[in-house]
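Each remark here refers to the structure printed beneath this line.
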């Protein structure tokens, strides 16, 4: 079976869930089943996944208090590091940061990468309404560039109350829209242009970006957003980003990704445990069997590109499997 890395795989320890979600009103509108390491390992085995790269999920760790967010980020990151230590070869981990507290984020970034040896960071499309391209976050992005870090970007709910009045779960429409907002601001604020050594991975095939790529091109051609001389075109930028397949594994989406970004920039993600288990197992199987993919594209998506991004995974990729 093809070596497989699940790069969009959530851990939801009880202390994180209690601090950030209401049981009857979860962020995003979907309540996942209770999380445990044993359940996660069982899923990986059933789905034929060798390694999961873990991250916390929405809304991140900051719910309004900087000190509480710093403490929760530290606890989550130490938990992630212990999970990797307890199950070597099955887990890697993205650290969380207490944005929009930039000073706290810089401190936690150093601890998580230098002391805990985690494999990159998870950032959310917005933190309390502050989007990733915001000027206030530039010190963090300068440090991420210095470190040539891997940055996994996950959506958050829009800060606009009107986006939540449709009676629909945020995960249906708004999460993909918020990822698109973040990518647009990162591009047009020239943050991508200034951080060319950061390896960005965007959830859910980049939200609506593949479909809207032509519109980005028109905006570029019209030159209506300042700073165009200091950044590549959107089309060039997209081909330097990475996109995961979580909830985005159908053949039409894969074909669109081939056209817009190239399938060598696509990595597998399951969105465990939010996606119903049978669907999460089946999404890997679909990519394994998809008629629109060549064998080399399939191997790249399922695990080889992720192993290039995360050095911890390279030996397992060479061996072909750790299971």
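Observations on the model:
- Qualifying residue in segment 146-167 (condition: modelled with pLDDT of 95 or more, over 18 Å from the mean Cα position of the chain (by Cα) and within 22 Å of residue 129 (Cα to Cα)): no
- All of 247, 254 fail the test of being at pLDDT 95 or above, crowded, with 18+ Cβ neighbours inside 10 Å, out of contact with any strand residue (DSSP E or B) (no Cβ under 6 Å at 6 or more places or on another chain) and in a helix (DSSP H, G or I), apart from 254.
- Residues that are touching a strand residue (DSSP E or B) at 6+ places or on another chain (Cβ under 9 Å) number at least 2 in the following helices (runs of 4 or more DSSP H) confined to segment 171-234: 174-188, 209-222.
- Search result, residues across segment 211-257 that are under 16 Å from the mean Cα position of the chain (by Cα) and closer than 22 Å to residue 124 by Cβ: 238, 240, 241, 242, 243, 244, 245, 246, 247, 248
- Residues considered: 273, 232. Of these, the only one that is closer than 30 Å to residue 36 by Cβ and surrounded by 15 or more Cβ atoms within 10 Å (Cβ to Cβ) is 273.
- Failed item in (1) in contact with a strand residue (DSSP E or B) (Cβ under 7 Å, 6 or more places away or on another chain); (2) over 23 Å from residue 119 (Cβ atoms), with residue 303 passing the rest: (2)
- Segment 99-119, residues that are surrounded by fewer than 21 Cβ atoms within 10 Å (Cβ to Cβ), more than 22 Å from residue 88 (Cα to Cα) and touching a helix residue (DSSP H, G or I) at 6+ places or on another chain (Cβ under 7 Å): 102, 106
- Filter result for residue 156 (within 18 Å of residue 29 (Cα to Cα), buried (at least 16 other Cβ atoms within 10 Å of the Cβ) and touching a strand residue (DSSP E or B) at 6+ places or on another chain (Cβ under 6 Å)): yes
- Just so you know, in segment 261-278 the residues that are under 17 Å from residue 45 (Cβ atoms) and part of a helix (DSSP H, G or I) include one that is nearest to the chain's Cα centre (by Cα), and it is 277.
- Residues satisfying the stated conditions in segment 178-200, i.e. in contact with a helix residue (DSSP H, G or I) (Cβ under 8 Å, 6 or more places away or on another chain) and crowded, with 19+ Cβ neighbours inside 10 Å: 179, 180, 183, 184, 186, 187, 189, 191, 192, 195, 198, 200
The values are calculated or read from the model by the stated rules, or taken from the named source; none is laboratory data. Bear in mind the structure is a predicted one, so any value in this text is a computation, not a measurement. Reconstructed Cβ throughout: ideal geometry from the backbone, glycine too, with neighbour counts over all protein chains shown.
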